[in-house]
């Protein structure tokens, strides 16, 4: 890592980031999309590894037609069993995938499209999320197709701020109100995930994601392969680390892809909830403990957990 710098700063991957202040304003959904539309009033003063919290923002819910929700009769897991429902209510922590879960887009696909390689990269993403290609191979192959420079990433962040999935803010707020800790675990990049975390009020230390690396002139150098989420099984490793450090008695993982499903293993997530509101990957959905198309299902199932209940708390 020594000698790798960006914008005159040595690269030192850390979990705390800052960005310049920015405000969001809501635009009406375009005719081609009914998803949440956010546009930023001011630009990101982006430097690699340094991002400040946003000073203020306005977000409202948007209506989308859940992917595949009209044809789910062959899935037997859209209504949770009593056991699954109790696991959800008693989770001490909930880990969210970001792309096509917390946000309606696949971040790397959006960045690639912005850089002129959208179609080719999207094909790789579909293969990776379906579990047919090792994640690290797919990540390296996708990035090699367009090798984004620092200036391209800066422009992307300025022109295409996050588009949140309907209901995600309310769900995160409900989880936090019930003293349930929230994490973001993503195969995407911190540069694009930090603004999302700021909107949702999720601390930087609760983010596990990949890191783009740039040279002193802003040229693309690759990605940090030391991040657990840069390889297959990485999300499971991240969840296991969270569980080991904090000692949660129960932990849930929510996502749409095969890498999210992998997190449900011994020492990792007790519960995998497949969110099909953006992308429905049938092979993943069929193996989920619970398949949902609307975050309101999860919000309504939480109810208010009594303050005296201690099963949500980490083991002391």
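Scan 143, 175 and give me the residue that is crowded, with 17+ Cβ neighbours inside 10 Å and touching a strand residue (DSSP E or B) at 6+ places or on another chain (Cβ under 6 Å).
175
Taking the conditions exactly as written (part of a loop (DSSP other than H, G, I, E, B), at pLDDT 85 or above and either surrounded by fewer than 22 Cβ atoms within 10 Å (Cβ to Cβ) or over 20 Å from the mean Cα position of the chain (by Cα) (or both)), does residue 80 satisfy them or not?
Answer is yes for this residue.
Would you tally the residues in the range 276-295 being out of contact with any helix residue (DSSP H, G or I) (no Cβ under 8 Å at 6 or more places or on another chain) and under 16 Å from residue 79 (Cα atoms)? Working first, answer last.
Taking the range 276-295 and keeping what is out of contact with any helix residue (DSSP H, G or I) (no Cβ under 8 Å at 6 or more places or on another chain), we get 278, 280, 282, 285-286, 293-294.
If we keep only those that are under 16 Å from residue 79 (Cα atoms) as well, we get 285-286, 293-294.
Count: 4.
Can you find a residue in the range 261-276 that is at pLDDT below 95, out of contact with any strand residue (DSSP E or B) (no Cβ under 8 Å at 6 or more places or on another chain) and under 21 Å from residue 138 (Cβ atoms)?
Yes: one or more hits.
Going by the conditions given, is residue 126 assigned to a helix (DSSP H, G or I) and either surrounded by fewer than 18 Cβ atoms within 10 Å (Cβ to Cβ) or touching a strand residue (DSSP E or B) at 6+ places or on another chain (Cβ under 8 Å) (or both)?
Answer is yes for this residue.
Please determine, by comparing only the residues of the range 90-109 that are at pLDDT below 95 and not in a loop (DSSP other than H, G, I, E, B), which one is nearest to the chain's Cα centre (by Cα).
107
Rundown of residues vs (1) more than 21 Å from residue 242 (Cα to Cα); (2) not in a helix (DSSP H, G or I), yes/no style:
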{"site": "166", "(1), (2)": "yes, yes"}
{"site": "173", "(1), (2)": "no, no"}
{"site": "179", "(1), (2)": "no, yes"}
{"site": "184", "(1), (2)": "no, yes"}
{"site": "187", "(1), (2)": "no, yes"}
{"site": "199", "(1), (2)": "yes, no"}
{"site": "208", "(1), (2)": "no, yes"}
{"site": "225", "(1), (2)": "no, yes"}
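Output the residues belonging to the range 227-263 that are surrounded by 21 or more Cβ atoms within 10 Å (Cβ to Cβ) and not in a helix (DSSP H, G or I).
248, 251, 252, 253, 254, 255, 256, 257, 262, 263
The values are calculated or read from the model by the stated rules, or taken from the named source; none is laboratory data. This one's a predicted model, so the numbers in the text were calculated from it and none came from an experiment. Neighbour counts are summed over all protein chains in view; Cβ atoms, including those assigned to glycine, are modelled from backbone coordinates with ideal geometry.
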